[in-house]
Amino acid sequence: MDELPENLVWEILGRIRKTGDRNSVSLACKRLYELDNEQRISLRVGCGLDPANDALASLCNRFPNLTRVEITYSGWMSKLGKQMDDQGLSILSSYCPLLSDLTLSYCTFITDMGLRYLASCSKLSALKLNFTPRITGCGILSLVVGCRSLTILHLIRCLNVNSVEWLEYLGKLETLEDLSIKNCRAIGEGDLIKLGPSWQKLKRLQFEVDANYRYMKVYDRLAVDRWQRQWIPCENMQELSLVNCIISPGRGLACVLGKCRNLEKIHLDMCVGVRDSDIVSLAQKSSNLRSISLRVPSDFSLPLLMNNPLRLTDESLKAIAQNCLMLETLRISFSDGEFPSFSSFTLNGILSVIQNCPVRELALDHVYSFTDVGMEALCMAQHLETLELMRCQEISDEGLQL
């Protein structure tokens with residue numbers, strides 16, 4: 001190995017993917033140790049950091065070219081030592097000038113001060129925060145003001161993010177391409193209007209409301225009302241996931257559904273208020289759609305005070321069958337098995353999609369309308385590769401034999 005040119009050794013090291021193997025190679029000799037230090041660009045650490053800040057400083061000093069760092073404290077207990085705190089983020093910002101992708105999971109000691117340290121990371125383009133309960137909207141605002149190249153932002157169970165000035169600031173930057181907001185209790189559907197011009201560049205949106213802690217604020221309602229007068233330029237959207245959202249007819253997120261011309265994947269999970277007209281509009285505009293997943297509230301789980309029945313019917317599925325000729329994945333689920341929604345999708349509607357689209361993956365859950373007749377029709381589905389049938393009690397042994 002000592003006689004090999006350095007560029008060849010560099011190439012060999014680059015082909016070793018497993019972290020354990022790289023660690024072993026780096027212990028073979030000083031030359032490989034130094035080359036591995038220069039070449040290592042990603043780092044994933046967690047509860048083993050003890051003392052956390054000192055260990056992190058040592059690692060960052062050893063690997064000067066880190067671009068991607070993930071710190072996760074899943075399963076952490078106090079006996080494992082103190083977690084990394086704000087000082088640890090200060091170390092990251094000082095020792096890792098090339099840092100572009102940072103993930104923090106279950107880092108419960110981090111506060112807004114730590115995010116202010118990260119604001120000096122000018123190359124940071126992706127930030128993912130999963131259950132960092134001490135973070136507030138002020139901390140995120142200070143970060144997005146400093147990191148003006150942010151294209152990916154994920155906030156999952158950030159329970160104290162109760163202001164959305166940062167969302168409006170990101171909207172003006174027009175750099176965001178991937179936004180995920182899940183179970184952040186104080187952020188509602190109406191707040192998404194603050195994205196403004198950034199809708200134009202957004203390619204992926206995941207928005208999940210914590211249904212158990214939802215509270216509708218007055219300004220939320222006003223914000224949703226303003227959507228009707230706003231033009232939402234979301235033609236570049238490729239992936240859309242909405243969970244536990246309220247879809248208001250003709251405005252808000254309903255406007256988004258009908259304007260995603262380049263949409264490839266959509267997931268609607270327990271979204272109350274989705275109408276056939278929304279899905280029909282989506283199908284007519286999104287000819288590139290490859291995957292659709294619908295988890296539909298059953299008739300008995302819908303609010304009783306609504307005057308008009310808000311259920312999806314075969315009209316939606318037939319529109320998908322006629323317009324989305326590239327569809328490969330179809331997933332349909334009903335929320336309540338004890339009270340199935342007989343008046344929703346029928347066997348004919350489901351079969352229309354299977355017969356007209358090159359469906360490779362089909363998953364049905366609590367779909368009681370799918371019977372042995374449907375199983376017989378699946379025998380003619382030439383593209384089908386994966387079939388999942390969960391709690392579809394109308395399918396018998398005869399259907400499986402077919």
Inset, instruction - Determine whether L242 is modelled with pLDDT of 90 or more and surrounded by 18 or more Cβ atoms within 10 Å (Cβ to Cβ). - result: yes
Inset, instruction - Could you check how many residues of segment 245-283 are among the charged types (D, E, K, R) and open to solvent by 40 Å² or more (accessible area, probe 1.4 Å)? - result: 6
Inset, instruction - Output the residue which, of all residues in segment 54-80 that are touching a residue at least 12 places away in the same chain (Cβ under 8 Å), small (G, A, S) and loosely packed, with under 15 Cβ neighbours inside 10 Å, is nearest to L129 (Cα to Cα). - result: S74
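Of the residues L49, L43, L4, which is under 30 Å from Q87 (Cβ atoms), in a loop (DSSP other than H, G, I, E, B) and not aromatic (F, W, Y)?
Working: L43 fails: in a loop (DSSP other than H, G, I, E, B); L4 fails: under 30 Å from Q87 (Cβ atoms).
Answer to the selection: L49.
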Inset, instruction - Please go through segment 17-47 and pick out each residue that is over 17 Å from L66 (Cβ atoms) and either open to solvent by less than 90 Å² (accessible area, probe 1.4 Å) or touching a His at 6+ places or on another chain (Cβ under 7 Å) (or both). - result: G20, D21, S24, V25, A28, C29, R31, L32, C47
Inset, instruction - Give the number of residues within segment 140-179 that are modelled with pLDDT of 90 or more, of a type in the set (S, T, N, Q) and closer than 22 Å to V209 by Cβ. - result: 1
Legend entry - Residue count, segment 92-109 (criterion: touching a strand residue (DSSP E or B) at 6+ places or on another chain (Cβ under 7 Å) and either over 28 Å from E174 (Cβ atoms) or of a type in the set (F, W, Y) (or both)): 3
Inset, instruction - Only residues in segment 303-318 that are more than 14 Å from I247 (Cβ to Cβ) and modelled with pLDDT of 50 or more count as the first member; pair them with residues that are open to solvent by less than 30 Å² (accessible area, probe 1.4 Å) and in a loop (DSSP other than H, G, I, E, B), Cβ under 8 angstrom, at least 6 apart or cross-chain, and list the lot. - result: P309/L302; T313/S344; T313/F345; D314/F345; L317/F345
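Checking the conditions here, which among L179, L89, L99 is farther than 28 Å from A52 by Cα, open to solvent by less than 30 Å² (accessible area, probe 1.4 Å) and not hydroxyl-bearing (S, T, Y)? I'd like the intermediate steps shown before the answer.
Working: L89 fails: farther than 28 Å from A52 by Cα; L99 fails: farther than 28 Å from A52 by Cα.
Only one candidate passes the filter, namely L179.
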Legend entry - Condition check for A55: assigned to a helix (DSSP H, G or I) and not hydroxyl-bearing (S, T, Y): yes
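The values are calculated or read from the model by the stated rules, or taken from the named source; none is laboratory data. Model, not experiment: these values are computed from the prediction. Please note: Cβ atoms are built from the backbone with ideal geometry, for glycine as well, and neighbour counts cover all protein chains shown. These area figures cover heavy atoms from the full protein model, side chains too; ligands, DNA and RNA do not enter into them. Shrake-Rupley method; radii C 1.70, N 1.55, O 1.52, S 1.80 Å.
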